[in-house]
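Have a look at the structure below before the remarks.
Taken together, the values in this text are just the output of simple stated rules run on the coordinates, not laboratory data. From a predicted model like this one, the values you see are computed outputs, not experimental measurements. With ideal geometry, Cβ positions are generated from the backbone for all residues, glycine too; neighbour counts draw on all protein chains shown.
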Amino acid sequence: MRNLDLARDYLLRAGGRLKAVDTLLGEGMWADVVRECQEIVELALKGLLRHHDIEVPRVHDVSEVLEENSSRFPRVVRDALDELMEISQELRRDRELAFYGSEDITPHSFYKEKHARVARRRAGRVVSVCLAACSPVEKPRKG
């Protein structure tokens, strides 16, 4: 039961953060949108894993775990698996850069509106798939 409670919590928080990201978009905080979207994707995917009783690793990109356990997910996830993995990998790549920058990159000037809008759309897609896969009518697959 604990995994289901945590899964619900992760998905609830991911959905709430999508609303916060919309506020950041309105403020033109492009780098912050990208960073928050990475965290949203991470929460949603970890919620998906917990819902299906799969060990959640302490890493920011869980795409390998998704792939290794693909047969345990419902069709809605299997049909979107490549897309979910790609989104997780790409946002993970931007995680630190969007938050800290680097010696020659300032996050606020590096990230543009187009980056933020793509990140927001992709995070919304991940949350949507995860919610569909974890709905009460969708039963976890055994095996």
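Quick check on the range 99-107. Is at least one of its residues of a type in the set (Phe, Trp, Tyr), in a helix (DSSP H, G or I) and out of contact with any Pro (no Cβ under 8 Å at 6 or more places or on another chain)?
no
Any idea how many residues of the range 108-118 are among the basic types (Lys, Arg) and in a helix (DSSP H, G or I)?
The number of residues fulfilling the criteria is 2.
In the range 6-20, how many are closer than 16 Å to SER135 by Cβ and either buried (at least 16 other Cβ atoms within 10 Å of the Cβ) or not aliphatic (A, V, I, L, M) (or both)?
7
Here is a yes/no grid of residues against (1) surrounded by 20 or more Cβ atoms within 10 Å (Cβ to Cβ); (2) under 28 Å from THR106 (Cα atoms):
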{"residue": "ASP22", "(1), (2)": "no, yes"}
{"residue": "GLY28", "(1), (2)": "no, yes"}
{"residue": "GLU36", "(1), (2)": "yes, yes"}
{"residue": "GLU39", "(1), (2)": "no, yes"}
{"residue": "GLU42", "(1), (2)": "yes, yes"}
{"residue": "HIS51", "(1), (2)": "yes, no"}
{"residue": "VAL56", "(1), (2)": "no, no"}
{"residue": "ARG72", "(1), (2)": "no, no"}
{"residue": "ARG75", "(1), (2)": "no, no"}
